[in-house]
1. Kindly evaluate Lys259 against the criterion of being assigned by TED's automatic domain parsing to the domain that holds Ser290, at pLDDT 95 or above and under 19 Å from Leu70 (Cβ atoms).
2. Does Tyr133 satisfy the condition of being more than 15 Å from the chain's Cα centre (by Cα), of a type outside the set (S, T, N, Q) and within 24 Å of Phe262 (Cβ to Cβ)?
3. I need the strands (runs of 3 or more DSSP E) fully contained in the stretch 55-157, keeping only those with at least 2 residues that are of a type outside the set (A, V, I, L, M, F, W, C).
4. Buried (at least 18 other Cβ atoms within 10 Å of the Cβ) and of a type in the set (Ser, Thr, Tyr) - does that describe any residue in the stretch 128-136?
5. Being assigned by TED's automatic domain parsing to the domain that holds Ile196, touching a helix residue (DSSP H, G or I) at 6+ places or on another chain (Cβ under 7 Å), more than 23 Å from Lys187 (Cα to Cα) and loosely packed, with under 14 Cβ neighbours inside 10 Å is true for just one of Lys96, Lys118, Lys146. Which residue is that?
6. Asp173 - would you say it is in the same structural domain as Cys72 (by TED's automatic domain parsing), surrounded by fewer than 18 Cβ atoms within 10 Å (Cβ to Cβ) and under 16 Å from the mean Cα position of the chain (by Cα)?
7. Hey, among the residues in the stretch 250-263 that are among the hydrophobic types (A, V, I, L, M, F, W, C) and in a helix (DSSP H, G or I), which one's nearest to Thr294 (Cα to Cα)?
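The values are calculated or read from the model by the stated rules, or taken from the named source; none is laboratory data. Not measured: the values here are computed from a predicted model. Every residue, glycine as well, gets a Cβ built from its backbone with ideal geometry; the counts of neighbours run over all protein chains shown.
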Amino acid sequence: MLELKSSLHKRKKQFSKANYFSIKFNLIKLGLIVIFGILLYSCKSNTIVKNDTSNAAVEKIAELSKDNILVCAHRSFHTTAPENSLQSIKNAILSKIDIIEIDVRTTKDSVLVLIHDKDIDRITTGKGLIKNYTFSELQQFNLKIKDSVTLDKIPLLEDALRMAKGKVIVNLDLKAVNYKQLYQMLKKYNMEKEVISYTGTLKEVNRMLRIDSLYAVMPLVKTKDEMLYYHQKIRSPLQHFTDESFTQDNMDWIHKNNKIVFVNTLWDEDDTFILGKMEAMDRVIALKPSIIQTDHPQLLINYLRSKKLHK
């Protein structure tokens, strides 16, 4: 009897020990699975999206800006013709400006036209909101350059695209636009991969990317967090920096990660630059953005060439 009890006790002890190690092993196994899952999720959520290289305009900008700073004409070449006019685009092409920025809005009859302001008061001989006029009604008014009235009219985006295709890179500043309508027009002329677009906020970026995930969006970037977010989440390497984000630290990071930074010199820097005071413009140039947008594109190109920063 004693031997039987001893044998049973021994087996119970062995079973308890085996059970303990089995439970411990399973707990370790479960822990490892949980840790692996967390790491996998973390890696997946922080995956860096590779730059899109399918856009001809982006490819050209990336290639040309390796050793140069490119110049974008604000509202096209508007010191020589009315802003956003076909003549200003033609003049930019003839002057071999790198990029033109044009502003797109929509008329009452859903026609895409070029104009910066939501009303026509400043730039035409008429008055009122763009959205309250049909395209044909807008043609009764003439465009102005400063206080001078010209023979130019508010142009169709369609005509601007035809004129620019294959001759100059176009940056579309989308003011009040149906993105699907815009995209269909770009496809009509096989230009959906030949333009870039300033899209501003994350909401607008996502609106366009839902139509084409490879579209060359250029979001507005004010903080380092936004810079890193767009680096991780979108394929377009374009980022529009502001005074807050345009710092040496951020630009060092940008150059290491092959991003394309677009900056404005439209106000203080431009105002002193045309007076022959170069200090403010030189501070912008020293940080080596890929693209500088200016109201004086020819003057800036000549200055960059003097520094061997534009071919």
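1. Yes: the conditions hold for Lys259.
2. So Tyr133 fails the test.
3. Once the strands (runs of 3 or more DSSP E) in the stretch 55-157 are filtered for at least 2 residues that are of a type outside the set (A, V, I, L, M, F, W, C), what remains is 99-106.
4. Yes.
5. Exactly one of Lys96, Lys118, Lys146 is assigned by TED's automatic domain parsing to the domain that holds Ile196, touching a helix residue (DSSP H, G or I) at 6+ places or on another chain (Cβ under 7 Å), more than 23 Å from Lys187 (Cα to Cα) and loosely packed, with under 14 Cβ neighbours inside 10 Å, namely Lys118.
6. no
7. Filtering the stretch 250-263 for residues that are among the hydrophobic types (A, V, I, L, M, F, W, C) and in a helix (DSSP H, G or I), the one nearest to Thr294 (Cα to Cα) comes out as Met251.
Here's the yes/no breakdown for (1) surrounded by 15 or more Cβ atoms within 10 Å (Cβ to Cβ); (2) under 22 Å from His296 (Cα atoms); (3) touching a residue at least 24 places away in the same chain (Cβ under 8 Å); (4) in contact with a strand residue (DSSP E or B) (Cβ under 6 Å, 6 or more places away or on another chain):
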| residue | (1), (2), (3), (4) |
| --- | --- |
| Asp212 | yes, no, yes, no |
| Thr223 | no, no, no, no |
| Gln232 | no, no, yes, no |
| Ser236 | yes, no, yes, yes |
| Asp243 | no, yes, no, no |
| Val261 | yes, yes, yes, yes |
| Thr265 | yes, yes, yes, yes |
